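J.: Let me begin by handing over the structure; questions about it come next.
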């Protein structure tokens, strides 16, 4: 595997999920694989789960880890070709990515959406520039439009937790005080489409995701109706895609509550975290309900470890 | 040992001090104990000695180390139960601590006093929330009211340096331009009460520490009188406890000087560092006197290493 | 070797370059040398190449690495002797350096020039204070007036790339929107003077470097004339030394272009990076020309590794 930037980079999701579950049983079984190899974790944005789980995954494989908070510990990078760099950017990605590739065997990058310039976000300027100019494999630790490590962890969790072969999975929008990117929702949709699940997305009107991604997926604007008989409620806020990056303030009563969860088939609650309690979801769902959020977070380690393992194995072959 | 949040968590201080001194002689003797274990160091406040010595201690035990400057590299945590999280906090400690526990075998936390809300500080909101919601042992790297790793290092230093069985130890307040917490002083008092030392606290009126902590301890408002025949002068500034977090500006001439040290029994000067020269203590005491500040800092490694060793041993049993 | 603060600390540059080239062939050959040793990387300024390559070098030697962004993760240090520390500095370098020396076997420091106080910059206050007060070897990761790790990497690159025994090397000033230090240029000049190269410095009038450093070196104010028959064009901006730290704005047309490179003897372009494209050098030189910037950056690892190896070997003897 030469890069992991999208959930679509996974050749066979069921096989990968099975392998990840095996890694989880014996996380140190491939401790020699990454010996004397270095992963560089480059953060352009804050991170908790990704920061820690990816380090843990790398160490489980025996890799050395270098963490760099790019904008704070380094300087601003230039991503535009041909620009006259007499302003705020100090180094072009052409040099930056190529240089880092000489010190690291794998480069992992977190670079969120701006939510201001749709075209630029969809072009995945930062991530794709690293892919283009790095000479080593690049891993997406959440980019403008995708969070495939999260989606892979979610696939593992769904496989571990499902009680029927073809569960009903609902992706439900929920309110949030800040405008959030579409990355987690996008990758979740793409991942679910690779599974056998019955899948429904529910959100207020105006919060439609990128139609290219949701093509063929049922959309139900009535949240309660969508919840009926669901086995899994995957909740996430995102800002408007059409009115790009905006909060529409149309629906406040979309918080996932214990009452709504009762409509499901004793369904489980999922969220990628961090989650705003009593805004996105009420306390009772997390504290007393059938919540999988910790299992999801735990599986981040094994999702990352599988991705790194695949890359290291390829490097050896 | 399931946690180390207070010096009172030490079952027998003399035995621990003896063991720490043995670790200091052979710091790599237990290099296998922490193999494939990870400690997460979570900083909500700046740190030099604690940051470096705890990393060194963990590596001496073969542990992997993940450092996270929480507020800068992550986001603000919510600590209040039941709050509607529609403001500045992005993740509840319930999720935060539980998630981190899945990536780390031990979690160490530094979270200073606010010095604004006495009740909140005394409740040790941040530290205790980690203890409550983490599923792995928690180590206190200085909390609102306690700094037990420092106190343990001080106990080691006192044991190494004392010339008589029952030395006279004086804890002396000293001036400082900023309002400082009571954590170091509190833990030092609690530690000394576990030893055989003759103990006196001296400070200007109005700087009384928490009476629950100083119960039974002699307080002498005349600094020079307190210094007479002392074997150790442990100096530290703290803000008012009664007039919580305030600098009272009543006494400027409390700087520890060479002249004052002459009143002692050729006593040694101690301070946890960082120390403001010529404010807390004059240059001559540090440069020409009988100063133990570097020995204290050095013992931070072995104090931390002993605590981590106790936790790791317990985890194995 | 007890310290590496200047390129002049290298006893024999040709021998060191040869050894570095051997290390590059087998970077893991001395993996045991640094076992159970710790290097502390202390950054007072941003860093990318130095940050990553020095970590990589240390790990290649089996060392543990502790990184600290001093001002952000710790507090401000005091460097003046005898000062009354009642203002913004919280810890004196006397304690700071001595304490860090107890946790680390080698201390590496990055502390740029202020470009405001020439005397202070030339005194190398930060670096020299660490050398004076640390009890372990100190490595210069770029100080106010010197960047010897870069110069050593450049010496390696020149040796690898030169086609004649005595190449013509030109150090050319280039424009930059920000006032930059003289450190890289200084160390490059000092390094080249240790080699057999024919050496010319070219810059606009007013940008003369420290005359003590350039003593005996040809200076040519006509950039194009200087480029004639050159084998290597080493480009770097620096602010005025005479009118200390100022940008004189006298010459905008000093950008290194493909056209100018044609004047050389099919010469190679060198720069320490980060480089501002189309200000310092035009795109075509980096993208289509004979550019060595990535080779230079790659050699940073082996320059650092050689320095650390020399220090570790000395520590053992």
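The values are calculated or read from the model by the stated rules, or taken from the named source; none is laboratory data. Everything numeric here is computed off the predicted structure, so don't read it as measured data. FYI the Cβ positions are ideal-geometry reconstructions off the backbone, even for glycines, and counts take in every protein chain you see.
J.: Given (1) in a helix (DSSP H, G or I); (2) at pLDDT 95 or above, where does residue C:314 come up short, assuming only one miss?
T.: The single condition residue C:314 does not satisfy is (2).
J.: Does the range C:245-259 contain at least one residue that is assigned to a helix (DSSP H, G or I), more than 30 Å from residue C:1 (Cα to Cα) and at pLDDT 95 or above?
T.: Among the residues of the range C:245-259, at least one is assigned to a helix (DSSP H, G or I), more than 30 Å from residue C:1 (Cα to Cα) and at pLDDT 95 or above, which makes the answer yes.
J.: Taking only the range A:241-254 into account, find how many residues are over 18 Å from residue A:184 (Cβ atoms) and surrounded by 17 or more Cβ atoms within 10 Å (Cβ to Cβ).
T.: Selection size over the range A:241-254: 1.
J.: Moving to a separate point now. Filter the range A:19-50 for residues that are in contact (Cβ under 8 Å) with a residue 12 or more places away in the chain and closer than 23 Å to residue A:191 by Cβ and give the result.
T.: Of everything in the range A:19-50, those that are in contact (Cβ under 8 Å) with a residue 12 or more places away in the chain and closer than 23 Å to residue A:191 by Cβ turn out to be A:19, A:20, A:21, A:23, A:24, A:27, A:41, A:45, A:47, A:48, A:49, A:50.
J.: Taking residue A:298 as meeting all but one of (1) assigned to a loop (DSSP other than H, G, I, E, B); (2) closer than 30 Å to residue A:16 by Cα, write down the number of the exception.
T.: Tallying (1) assigned to a loop (DSSP other than H, G, I, E, B); (2) closer than 30 Å to residue A:16 by Cα, residue A:298 fails exactly one: (1).
J.: Kindly provide the set of residues from the range A:18-27 that are within 14 Å of another protein chain (Cβ to nearest Cβ) and touching a helix residue (DSSP H, G or I) at 6+ places or on another chain (Cβ under 6 Å), ordered by number.
T.: A:24, A:27
J.: Yes or no: the range C:140-154 includes at least one residue that is within 14 Å of chain B (Cβ to nearest Cβ), touching a strand residue (DSSP E or B) at 6+ places or on another chain (Cβ under 6 Å) and assigned to a loop (DSSP other than H, G, I, E, B).
T.: no
J.: Related question: Please go through the range C:1-15 and give me each residue that is in a helix (DSSP H, G or I), over 13 Å from the mean Cα position of the chain (by Cα) and within 24 Å of residue C:41 (Cβ to Cβ), ordered by number.
T.: Passing the criteria: only C:9.
J.: Scan the range B:59-77 for residues that are in contact with a strand residue (DSSP E or B) (Cβ under 7 Å, 6 or more places away or on another chain), more than 7 Å from chain A (Cβ to nearest Cβ) and modelled with pLDDT of 95 or more and jot them down.
T.: Hits for the range B:59-77 are B:59, B:63, B:65, B:67, B:69, B:77.
J.: From A:307, A:275, A:285, grab the single residue that is within 14 Å of chain B (Cβ to nearest Cβ), outside any loop (DSSP other than H, G, I, E, B), touching a strand residue (DSSP E or B) at 6+ places or on another chain (Cβ under 8 Å) and surrounded by 15 or more Cβ atoms within 10 Å (Cβ to Cβ).
T.: A:285
J.: If you don't mind, there's one more thing I want to ask. Restricting to the range B:58-73, give me the number of residues that are in contact (Cβ under 8 Å) with a residue 12 or more places away in the chain and more than 22 Å from residue A:31 (Cα to Cα).
T.: Qualifying residue count, the range B:58-73: 4.
J.: For the range C:109-124: of the residues being out of contact with any helix residue (DSSP H, G or I) (no Cβ under 6 Å at 6 or more places or on another chain) and not in a loop (DSSP other than H, G, I, E, B), which is nearest to residue C:68 (Cα to Cα)?
T.: In this case the residue turns out to be C:110.
J.: Against the definition (assigned by the TED database to the domain that holds residue A:157 and either in contact (Cβ under 8 Å) with a residue 60 or more places away in the chain or surrounded by fewer than 16 Cβ atoms within 10 Å (Cβ to Cβ) (or both)), how does residue A:220 come out, yes or no?
T.: No, not satisfied.
J.: Look at the range C:16-45 and say how many of its residues are part of a helix (DSSP H, G or I) and crowded, with 21+ Cβ neighbours inside 10 Å.
T.: 3
J.: Sticking with this structure for a sec: I need the full set of residues from the range C:46-87 which are buried (at least 16 other Cβ atoms within 10 Å of the Cβ), assigned to a loop (DSSP other than H, G, I, E, B) and out of contact with any helix residue (DSSP H, G or I) (no Cβ under 8 Å at 6 or more places or on another chain), in order please.
T.: C:62, C:75, C:83, C:85
J.: Being over 15 Å from residue A:42 (Cβ atoms), within 9 Å of chain C (Cβ to nearest Cβ), surrounded by 20 or more Cβ atoms within 10 Å (Cβ to Cβ) and out of contact with any strand residue (DSSP E or B) (no Cβ under 6 Å at 6 or more places or on another chain): is that true of residue A:90 here?
T.: yes
J.: Can I ask one more? Can you tell me which residues in the range A:114-135 are more than 19 Å from residue A:100 (Cα to Cα) and buried (at least 19 other Cβ atoms within 10 Å of the Cβ)?
T.: A:115, A:121, A:124
J.: Does residue B:200 satisfy being under 30 Å from residue B:15 (Cα atoms), outside the structural domain of residue B:122 (by the TED database), touching a residue at least 60 places away in the same chain (Cβ under 8 Å) and in contact with a strand residue (DSSP E or B) (Cβ under 6 Å, 6 or more places away or on another chain)?
T.: In short, no.
J.: Being out of contact with any strand residue (DSSP E or B) (no Cβ under 8 Å at 6 or more places or on another chain), buried (at least 24 other Cβ atoms within 10 Å of the Cβ) and either under 22 Å from residue B:275 (Cβ atoms) or at the interface with chain B (Cβ under 10 Å from one of its Cβ atoms) (or both) is the requirement here; does residue C:95 meet it?
T.: Answer is yes for this residue.
J.: Yes or no: the range C:232-254 includes at least one residue that is in contact (Cβ under 8 Å) with a residue 12 or more places away in the chain, more than 30 Å from residue C:287 (Cα to Cα) and in contact with a helix residue (DSSP H, G or I) (Cβ under 7 Å, 6 or more places away or on another chain).
T.: For the range C:232-254, residues in contact (Cβ under 8 Å) with a residue 12 or more places away in the chain, more than 30 Å from residue C:287 (Cα to Cα) and in contact with a helix residue (DSSP H, G or I) (Cβ under 7 Å, 6 or more places away or on another chain): present.
J.: Just the residues that are away from chain A (no Cβ under 14 Å) and either within 18 Å of residue C:7 (Cβ to Cβ) or in contact with a strand residue (DSSP E or B) (Cβ under 8 Å, 6 or more places away or on another chain) (or both), please, taken from the range C:163-180.
T.: C:166, C:167, C:168, C:169, C:170, C:171, C:172, C:173
J.: While we're here: Being in the same structural domain as residue B:308 (by the TED database), buried (at least 18 other Cβ atoms within 10 Å of the Cβ) and either farther than 20 Å from residue B:306 by Cα or touching a residue at least 60 places away in the same chain (Cβ under 8 Å) (or both): is that true of residue B:108 here?
T.: Yes.
J.: Quick one: how many residues across the range B:199-246 are more than 21 Å from the chain's Cα centre (by Cα) and farther than 15 Å from residue B:118 by Cβ?
T.: Number of matching residues: 18.
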